[in-house]
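A short worksheet on the structure shown next.
Quick note: the coordinates plus some simple rules give every number you see, no bench work behind them. Since the structure is predicted, the reported quantities are computational estimates derived from the model, not experimental observations. Methodologically, a virtual Cβ is constructed for each residue, glycine included, from the backbone with ideal geometry; neighbour enumeration extends over all protein chains shown.
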Amino acid sequence: MDQIQSYINEHKDRFLSELCDFLRIPSVSADSRYKEDVARTAAFVRDSLVAAGADHVEICPTPGHPIVYAEKIINASLPTVLVYGHYDVQPADPLELWDSPPFEPVIKDGLIVARGACDDKGQVFMHVKAFEFMMRNNLLPCNVKFMIEGEEEVGSSHLGDWIRANKERLKGDVILISDTSIIANDIPSIDVGLRGLSYVEVEVTGPNRDLHSGVYGGAVANPISILCEMIAKMKDENNHITIPGFYDDVVALSSADRAELNKAPFSLDEYKRDLDVNDVHGERGYTTLERTGIRPTFEMNGIWGGYTGEGAKTVLPSKAYAKCSMRLVPNQDSATITRLFAEHFERMAPEGVKVKVTPHHGGEPVVTPTDSVAFKAASMAMEKTFGKKPIPTRGGGSIPIVALFEKELGLKSVLMGFGLDSDLIHSPNEHFGVFNFLKGIETIPYFFQQYAELSKA
Ligand code: BES
Ligand code: MN
Ligand code: MN
C-alpha cells in the first residue's frame, strides 16, 4: 500500500489545482445570493466523484441546498463506510481583512488560502482523491457511500428528513468524517466528542419608538442598558452560568477522565501568545482544555441596537438585540436548554421592557467510542502515516448531524479530521496546510484497509 505515497507524489499538483477549482466556487449556504453557486458546487462534487469512479452519483434536492450522494458497492457482504462531509462554507466577511480574495485560492508558504480550504471543502476533497487512488489501483477493500451536504454551516436543517427518507440506501457500518482538527502536524489526534449547540436571538423593546435621549433619558428603560444587564447576569463571579437548571443534565467526568484529558499536549503560554491575551478567562475550577472540551458555555455572538453610525446621535433607542449561543456537553439537550434560557430571560426582564426570544438551529452533543473497530482503524491509519499514535481529544465545535446519524441510522462516527485549530476556519484568511491535505489523502486508504481487515476478525 505504500503505493499511496508514489500516487500522491505523481498527482499532487493536479490534486491541488482541482481543489482550487472547488474552492473558487463561492458555496456560501447562509446567503441566498449564492444559491446558484451552491448548486454549481454540488455539481462539482458530483463530477469529481464520477471521475474518481463512484456509481449512482446523484444530486439530491432538498427544500434547501442539495445533498450529493454516491456509492461504490464492491461486494454486499463486505462492510460499508459512509463518508460524510459538507461542501458549503461560511460567509467570507469581513472581506477587507483577507490578504487575498476568499474565493481566489492561493497556495503560499505551504498553505492553501481560501474560504472553505479546511472547513470543509479541502477535507472533503481528500476523501475524493483517496477514493480515486483506491479505485484506480484496485485497492478499495470494502464498500463506500458518500453523502456530502450543502447546509452544514446553517444547521443541516434538511438532512434529517433526507436521512429518514433514505434509510435503506444509507445502510452501512460506520460514518467517517473529516471536519475537525488535530493538535499539531507532529501530534496527531482524533476527536472523540463534539459539543452540542443551542442558538438564540433576543430582542428587548423599551419605548414604542426611538426617543430624544435628553427629553426622555433617565425616565424610560433603555433597552440596550437592560439587555446588557440581563446578559451580564447570565454568569456569576466564577463564570458559572446562572440559568436555573442549566447544568442539571451535565454528566461530570471522573477525575481519572479529567486527568487523562489534561494529558494532551497544550501550552497555555503559546495559547495566550497566539491570541494576544494576557490571561485566559472561563469557568472557575477547570483548565482551558476542559473549558472547551467538556464544559458547556454561554457566549455572545453579536449585539446591536441604537445608533452606530459616524459621529454622535443622542437617541434612546426603542430596541436592542443580541445573538447568543450555548455549547452543550453530553446529556444536555438543546431543546431543553433553549427553553430554560427563554424562560429565564423572560422572567428576568424588568418592568418597562418587553422581551422576545427566537430560537435558531441547535444540535446535540456526542461522544464517539474509542473501543470500536472503526476507531482502532483510524488510530492505526494515523499512526502509520504520522509515525505516532493519535491522542483522543474532545473538540469544542459542533457537527449536529453526528448525533442525528446515531439516532436515525444507529451508526457511530469516527472524526478523523486533518485541520489545525490555527487554520482560521470561519475567519478571514482561512487556510489548510498542503501537508495536511496530502496527509489526509495518504491516511484515508489505510483507514479503509485497516477497517476491512479488523472487521473480518
Ligand atoms: N467543522 C466545524 C465544526 C468543528 C470545527 C468541530 C473544529 C471541531 C473542530 C463545522 O463546520 C462548524 O463550524 N459547525 C458549527 C455548527 C453549525 C450548526 C453552524 C459550529 O461549531 O459552530
Ligand atoms: Mn465543518
Ligand atoms: Mn464550519
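Each semi-axis of the equivalent ellipsoid for segment 302-381 is √(5λ) with λ an eigenvalue of the Cα gyration tensor; in descending order they amount to 42, 19, 7 Å. Using a cut-off of 25 Å between Cα atoms, the listed pairs LYS129/LYS376; LYS72/LYS167; LYS323/LYS407; LYS171/LYS389; LYS12/LYS121 include LYS323/LYS407; LYS171/LYS389 as exceeding that distance. Over segment 375-426, the Kirkwood radius and the radius of gyration, each from Cα atoms, give a ratio Rg/Rh of 1.02. A convex hull fitted around the alpha carbon atoms of the chain yields 161 Å³ per residue.
Here the contact order of segment 82-232, divided by its residue count and restricted to Cα pairs under 8 Å and six or more residues apart, works out to 27 percent. Counting only whole DSSP H helices of the chain, the ones at least 27 Å long by C-alpha along their axis and with mean Kyte-Doolittle hydropathy no lower than -0.5 are 434-456.
Computed over the chain, relative contact order equals 25 percent, with contacts defined as Cα pairs under 8 Å that lie 6+ residues apart. If you plug the beta carbon distance of GLU351 and ASP371 into 1/(1 + (r/R0)^6) with R0 = 56 Å, you get a FRET efficiency near 0.50.
Give me the distance in nm between label points sitting 7 Å out from Cα along the Cα-to-Cβ direction at ASN429 and LYS108, one decimal. Taking the simple label geometry, ASN429 and LYS108 are separated by 0.9 nm. Residues of segment 127-151 falling in the label zone of SER77, defined by backbone nitrogen less than 18 Å from a point 7 Å along Cα to beta-carbon, are 141-144. Cβ-to-Cβ counts within 10 Å put VAL83, VAL414 in ascending order as VAL83, VAL414, the fewest first.
What FRET efficiency, computed as 1/(1 + (r/R0)^6) with R0 = 41 Å and r the Cβ-Cβ distance, is obtained for HIS360 and HIS56, rounded to the nearest 0.05? Rounded to the nearest 0.05, the efficiency is 0.75. Rounded to the nearest 20, the Cβ-based charge dipole of segment 247-294 about its Cα centre (Lys and Arg +1, Asp and Glu -1) stands at 140 debye. DSSP finds beta bridges in the chain, and of those with both partners inside it, around 70 percent are antiparallel.
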